[in-house]
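The values are calculated or read from the model by the stated rules, or taken from the named source; none is laboratory data. Please read all numbers here as calculations on a predicted model, not as lab measurements. A quick note on method: Cβ atoms are made from the backbone with ideal geometry, for glycine too, and the neighbour counts reach across all protein chains shown.
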Amino acid sequence: MRAVARELRLPPLSTVEELCGAVSAHLDRPIRIAPRRMRVGEPSGFVERLPAEDVIHVEQETSGLHRAHIVCHELAHLLCGHLSEPARADEDPSLVELPTIDPEMLRLVLGRSHYDDIAEEEAEVLGAELMRILVLAPGAGTTSQLAPALEHRKGQHV
């Protein structure tokens, strides 16, 4: 997994956005980070594969360090090839007869593959390696990296 991370050739002081750019260039496919408030029962992050781009949905109501960890995990799924093919533009999830389910949520769920334990383990290992590269980038201040993890959701330090 370290070899995969090294292939990205990240510059010193890489940010999550720079990491996304490197993965995007490596995969030759646009990747966008979309922070949002997750619904009850949703994971803290997931990838939505669209015809023209991949969108990483990530919980916005958490620390910056946790957000970076989530994004690294989802980028690892992309690098490992764990996602299904994007839904075709002509597919309309509202045509499925499930009137009580929001068509947008249906499209998100149907566009995802089921990750098995092996895929999750691969994503955890590679995601941790990507996170290590970001946190341990030369010149990166440990305090500036760790402070967000100690911040309470209401902006108060613990």
Check your understanding: Can you name the residue in region 1-35 that is hydroxyl-bearing (S, T, Y) and assigned to a loop (DSSP other than H, G, I, E, B) and is also surrounded by the most Cβ atoms within 10 Å (Cβ to Cβ) among such residues?
Key -> S14
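Restricting attention to region 42-60, does a residue exist that is without any contact (Cβ under 8 Å) to a residue 12 or more places away in the chain and more than 13 Å from E124 (Cβ to Cβ)? Walk me through how you get there before you give the answer.
Going residue by residue through region 42-60, those that are without any contact (Cβ under 8 Å) to a residue 12 or more places away in the chain are 42-43.
This time we only want the ones that are more than 13 Å from E124 (Cβ to Cβ), so: 42-43.
Checked against the condition, which is being without any contact (Cβ under 8 Å) to a residue 12 or more places away in the chain and more than 13 Å from E124 (Cβ to Cβ), region 42-60 yields at least one hit.
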Check your understanding: In region 6-23, which residues are of a type outside the set (V, I, T), under 21 Å from E53 (Cα atoms) and touching a residue at least 12 places away in the same chain (Cβ under 8 Å)?
Key -> L8, E17, L19, C20, A22
Check your understanding: What about P93, is it farther than 26 Å from A25 by Cβ and either modelled with pLDDT of 95 or more or in contact with a Leu (Cβ under 6 Å, 6 or more places away or on another chain) (or both)?
Key -> yes
Check your understanding: From the residues in region 61-73 that are more than 21 Å from E120 (Cα to Cα) and of a type outside the set (V, I, T), which one is modelled with the highest pLDDT?
Key -> E61
